[in-house]
Amino acid sequence: MKRVNSLLLVCMALGLGLTPPSAHAAASAPAATATAEQWRIFEISLTSTVSYANPFSEVAVTAVFYGPDQQMLTRPGFGDGGDTWRVRVAFPAVGRWMYRISASDPANAGLHRPLTPLVCVPYAGYLPIYQHGFLTVSADQRYLQHADGTPFLWLGDTHWFFEFRERWDESNDPRWPSQFKALVDRRVAQGYSIYQSVIFGPAPALWAPGEIGTRIDPEYFQNALDPKLAYIADRGLVNALGLGFHTNIDGRADALAGLARYVVARYGAYPMVWITGGEVGGYEPELRAARLDGWRQVALAIDAADSYHQPQSAHYTNDFPTDYLGESWLDFSMVQGGHHSAPVETLYYQRYYQAEPATPFLEAEANYEGLGAFVSADLVRATAYRAIQSGSLGYTYGAQGIWNAVWDTADTANDFGGPHWNWNQAIDFKGGQQVAYLGRFYRRVPWQTLRPRWVGVLEYAPQDVDANRPLATADTDAGNVVVYLPSGFTAQGSGATIVNLPDRTYAIRWYDPRTGAWLYQGNARVGLGRWQLEPAPAGEDWLVWLTAVPAPGADREAARAAAQANLALGRAYTSSGNADAAPAFDGDDQTAWQAPPSTPDAPWLEVDFGQPVTFNTAVLREFDYHTRAYRLEVWDGAAWQIAYRGTLIGHEAPTRVSFPPQTTRRARLIVTAAAAPPSIREWGLYLLPDRGQARAAWKR
């Protein structure tokens, strides 16, 4: 398996014709102060001094970049119509870079550039994919992470026909002016992280008329694909992209390998995952070997062209994905559980997980919601949780009407057996939102440390139906334990016992996967390594999360003393939508106030101190970076006055803000802009003389 270099920056040359490829990339600056942001794609434009009949096959352009700590990065250039060539790049470190561009045609002066300097600065935005960097595989080979080591939970949505059928500048739903943007924006608001798609390599639109496989049509890429790929990246999603489906490789392996090199040159400096192709082995046994060999050729072309070595896989049919295991280009396996009237059997995942410890796996296609009369939100939800509780590095959701990009009731060409759903109906499917709740759950627990525990953790009555089996995951020392209880199990009214736990106290939290609501049960002392789960409400699936509580001692006393400095603790709280506000003030950053979806455009939290208090510092933390703008206000006895305006609230680490001392009986937090209903973990208020003291109080 390939190892990935840490890649941290996109840079801009000092007055050398570098321009952003989209309106959302870093703005151009004067030549004397030229800078660009970390991880953001940037573009170097070149003008060929030689005209070629077919630039796709007659000349190759290569840029080599030299950076801090002896880093070196190679990026291929691509022809973009006429005499225009481009190099798109994202760089691996802040600081001074140098680059040199050369062409296979030594006589073409326009495609050569001598050693040239670049200057780079850190990314200043809020999108995690640029804050933490491109993706790679974790050291233990079980999940994906960013370049800086931050875990990445794959939460994908399927768009197999985005290239031709998702309309960029048109919508037949008055809620949105663009079908494509509506689909992307909805998933971003819900917390998805992956847009899973393909372009159909042999499609005539990609190639010059009558020259499929031999001459690219750059105008098609400019008009049809560039805006979409840029928009996906600018909204913070990773594009998991393939070059077609199984039959597309027949007789065209060389052509698709050439297309792969062009696609990597054009889009490979965006945050990407390369899925090579869809259902690569196909369904005809006599063609399987040839198709696997053809897609292998495409995969190797991608691997050779992508010096970032962003994660790479191949989307499979329903069979066990073993054909490419151990090959240098393969980073993780994409399994397809298929579309059935029941969740994928646990044994399917267990067999792979235990047999292949060196290659993580992803459930990449199973039980598209609305496909057939049997795939309900309940089935989607059960399938997704069973996959992740069995070791999948995430989950890809699919909705009938979206995966196939159905425009209206007359658009039946890709119903795949039905029933028929339009895209603007499927966008509101319950299962799509409940998969978003799944993402919230796992991002809140330390999911990257959890491993499947098929035996040795749970005791329960034998189950005749695999779908009724509870599934447990736990970290190495059982400091965190997560159990998924399927609806078929809870319907029996019997409980389960968690066994072999250390003798310690656990905080116990229940999670409703249908609504995303948390229920805090309290602390329980586990005696003799056993704890009886209280029966969940019958007929519904639930999750329970056990977290070890630190033993009392000096550290605990220090934490308690620090918490006493938080003036917001132990007060009276209210909030918009009558949601329970107390979790935002309980000193526990694993609980949260969740603004209900029905709240107004500016949801708020309020604390009433009971008497005037003075504070000058606020410490805030939320889940999932939903907040985009907020105000802290204080009551002066007659009206609310603004004490502070902010933008982002920390997710992995708290945000601390200071302002002139405020004396008031009441204070409130108003979220004035958000990508989704905010979920505030903690809001603390302090009177502290300096920044260091505030930070120390929070950390303790």
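The values are calculated or read from the model by the stated rules, or taken from the named source; none is laboratory data. This structure is a prediction, so every number in the text was calculated from the model and none was measured. Counting neighbours? That spans all protein chains shown, and the Cβs are built from the backbone with ideal geometry, glycine included. Each accessible area value is taken on the protein alone, full model and side chains, heavy atoms only, with ligands, DNA and RNA left out. Shrake-Rupley method; radii C 1.70, N 1.55, O 1.52, S 1.80 Å.
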Tabulated pairs, the range 307-334, first part of a strand (DSSP E or B), second charged (D, E, K, R) and crowded, with 23+ Cβ neighbours inside 10 Å, C-beta under 9 angstrom, 6+ apart or interchain
Gln312/Asp306; Gln312/Asp331; His315/Glu365; Met334/Glu363; Met334/Glu365
Could you tell me whether any residue of the range 49-61 is part of a strand (DSSP E or B), surrounded by fewer than 16 Cβ atoms within 10 Å (Cβ to Cβ) and not hydrophobic (A, V, I, L, M, F, W, C)?
no
Trp295 - would you say it is outside any loop (DSSP other than H, G, I, E, B) and either open to solvent by less than 40 Å² (accessible area, probe 1.4 Å) or touching a Pro at 6+ places or on another chain (Cβ under 6 Å) (or both)?
yes
Selection status of Pro612, open to solvent by 20 Å² or more (accessible area, probe 1.4 Å), modelled with pLDDT of 85 or more and in a strand (DSSP E or B)
yes
Exactly one of (1) at positive phi; (2) part of a helix (DSSP H, G or I) is unmet by Gly456. Its number?
(2)
Inspect the range 176-197 for any residue being aromatic (Phe, Trp, Tyr), at pLDDT 95 or above, within 18 Å of Phe429 (Cα to Cα) and not in a loop (DSSP other than H, G, I, E, B) and give the result as yes or no.
yes
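Is it true that Arg96 is part of a loop (DSSP other than H, G, I, E, B) and either over 20 Å from Glu43 (Cα atoms) or touching a residue at least 24 places away in the same chain (Cβ under 8 Å) (or both)? Break it down stepwise before answering.
Values: part of a loop (DSSP other than H, G, I, E, B): no; either over 20 Å from Glu43 (Cα atoms) or touching a residue at least 24 places away in the same chain (Cβ under 8 Å) (or both): yes.
Answer is no for this residue.
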Residues within the range 496-528 that are open to solvent by 40 Å² or more (accessible area, probe 1.4 Å), in a strand (DSSP E or B) and on the phi > 0 side of the Ramachandran plot, tallied
0
Mind checking which residues of the range 280-292 are of a type in the set (Gly, Ala, Ser), open to solvent by less than 10 Å² (accessible area, probe 1.4 Å) and touching a Gly at 6+ places or on another chain (Cβ under 9 Å)?
none
Enumeration of residues in the range 216-257 that are of a type in the set (Asp, Glu) and either under 16 Å from Ser57 (Cα atoms) or open to solvent by less than 40 Å² (accessible area, probe 1.4 Å) (or both):
Asp217, Asp226, Asp234, Asp254
Out of all the residues in the range 57-85, which are farther than 19 Å from Ile41 by Cβ and of a type in the set (D, E, K, R)?
Glu58, Asp69, Asp83
Restricting to the range 94-110, name every residue that is modelled with pLDDT under 95 and open to solvent by less than 10 Å² (accessible area, probe 1.4 Å).
Trp97, Tyr99
Pairs, first of a type in the set (Asp, Glu) in the range 503-532, second open to solvent by less than 30 Å² (accessible area, probe 1.4 Å) and not in a strand (DSSP E or B), C-beta under 7 Å, six or more apart:
Asp503/Val526; Asp503/Gly529
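Which count do you get for residues in the range 194-215 that are hydrophobic (A, V, I, L, M, F, W, C), within 19 Å of Thr247 (Cα to Cα) and open to solvent by less than 10 Å² (accessible area, probe 1.4 Å)?
Looking only at the range 194-215, we keep the residues that are hydrophobic (A, V, I, L, M, F, W, C), and these are 194, 198-200, 203, 205-208, 212.
Those still in the list that are within 19 Å of Thr247 (Cα to Cα) too: 198-200, 203, 205-207, 212.
Retained after the next criterion (residues that are open to solvent by less than 10 Å² (accessible area, probe 1.4 Å)): 198-199, 206-207.
Selection size over the range 194-215: 4.
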Residues (touching a helix residue (DSSP H, G or I) at 6+ places or on another chain (Cβ under 6 Å) and polar (S, T, N, Q)) located in the range 599-633:
Thr599, Thr617
Whether any residue in the range 228-240 is of a type in the set (A, V, I, L, M, F, W, C), assigned to a strand (DSSP E or B) and touching a residue at least 40 places away in the same chain (Cβ under 8 Å) is what I want to check.
yes
Just need a number here: residues in the range 418-443 that are open to solvent by 50 Å² or more (accessible area, probe 1.4 Å) and either under 24 Å from Trp168 (Cα atoms) or assigned to a loop (DSSP other than H, G, I, E, B) (or both).
6
Val280 versus (1) under 30 Å from Phe65 (Cβ atoms); (2) within 25 Å of the chain's Cα centre (by Cα): which is the lone unmet condition?
(1)
Of the conditions (1) touching a Lys or Arg at 6+ places or on another chain (Cβ under 7 Å); (2) modelled with pLDDT of 80 or more; (3) over 24 Å from Thr449 (Cα atoms), Val499 satisfies every one except a single condition; which number is it?
(3)
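Could you tell me how many of the residues in the range 392-417 are surrounded by 22 or more Cβ atoms within 10 Å (Cβ to Cβ) and outside any strand (DSSP E or B)?
Start the filter on the range 392-417 by keeping residues that are surrounded by 22 or more Cβ atoms within 10 Å (Cβ to Cβ), which leaves 392-406.
Next cut, outside any strand (DSSP E or B) only: 392-393, 398, 400-406.
Adding up the residues that qualify gives 10.
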Here is a list: Gly81, Gly77. Which entry is out of contact with any strand residue (DSSP E or B) (no Cβ under 9 Å at 6 or more places or on another chain), of a type outside the set (Ser, Thr, Tyr) and open to solvent by less than 50 Å² (accessible area, probe 1.4 Å)?
Gly81
Here the residues within the range 259-295 that are under 25 Å from Phe134 (Cα atoms) and at pLDDT below 95 are Gly278
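Counting just the residues of the range 25-58 that are of a type in the set (Ser, Thr, Tyr), at pLDDT 55 or above and out of contact with any helix residue (DSSP H, G or I) (no Cβ under 6 Å at 6 or more places or on another chain), which one comes out farthest from Gly81 (Cα to Cα)?
Taking the range 25-58 as the starting set, the residues that turn out to be of a type in the set (Ser, Thr, Tyr) are 28, 33, 35, 45, 47-49, 51-52, 57.
Imposing the further condition that a residue be at pLDDT 55 or above reduces the set to 35, 45, 47-49, 51-52, 57.
Next, from what is left, pick out any that are out of contact with any helix residue (DSSP H, G or I) (no Cβ under 6 Å at 6 or more places or on another chain): 35, 45, 51, 57.
Details: Thr35: 28, Ser45: 12, Ser51: 11, Ser57: 14 Å.
It comes out as Thr35.
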For Pro446, are the conditions met, namely being farther than 23 Å from Val483 by Cβ, surrounded by fewer than 18 Cβ atoms within 10 Å (Cβ to Cβ) and touching a residue at least 24 places away in the same chain (Cβ under 8 Å)?
no
Any idea which residue in the range 628-681 is nearest to the chain's Cα centre (by Cα), counting only those that are within 26 Å of Ala517 (Cα to Cα), crowded, with 18+ Cβ neighbours inside 10 Å and basic (Lys, Arg)?
Arg681
Residue, modelled with the highest pLDDT, within the range 198-232, restricted to residues that are touching a helix residue (DSSP H, G or I) at 6+ places or on another chain (Cβ under 8 Å) and of a type in the set (Gly, Ala, Ser):
Ala224
Options Leu605, Leu648; residue that is of a type in the set (A, V, I, L, M, F, W, C), touching a Leu at 6+ places or on another chain (Cβ under 9 Å) and in contact (Cβ under 8 Å) with a residue 60 or more places away in the chain
Leu605
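Can you name the residue in the range 475-495 that is closer than 20 Å to Tyr349 by Cβ and out of contact with any helix residue (DSSP H, G or I) (no Cβ under 9 Å at 6 or more places or on another chain) and, of all such residues, is surrounded by the fewest Cβ atoms within 10 Å (Cβ to Cβ)?
Per the criteria, the residue is Val481.
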Selection count, the range 460-471, where residues are within 19 Å of Gly529 (Cα to Cα) and in contact (Cβ under 8 Å) with a residue 60 or more places away in the chain
1
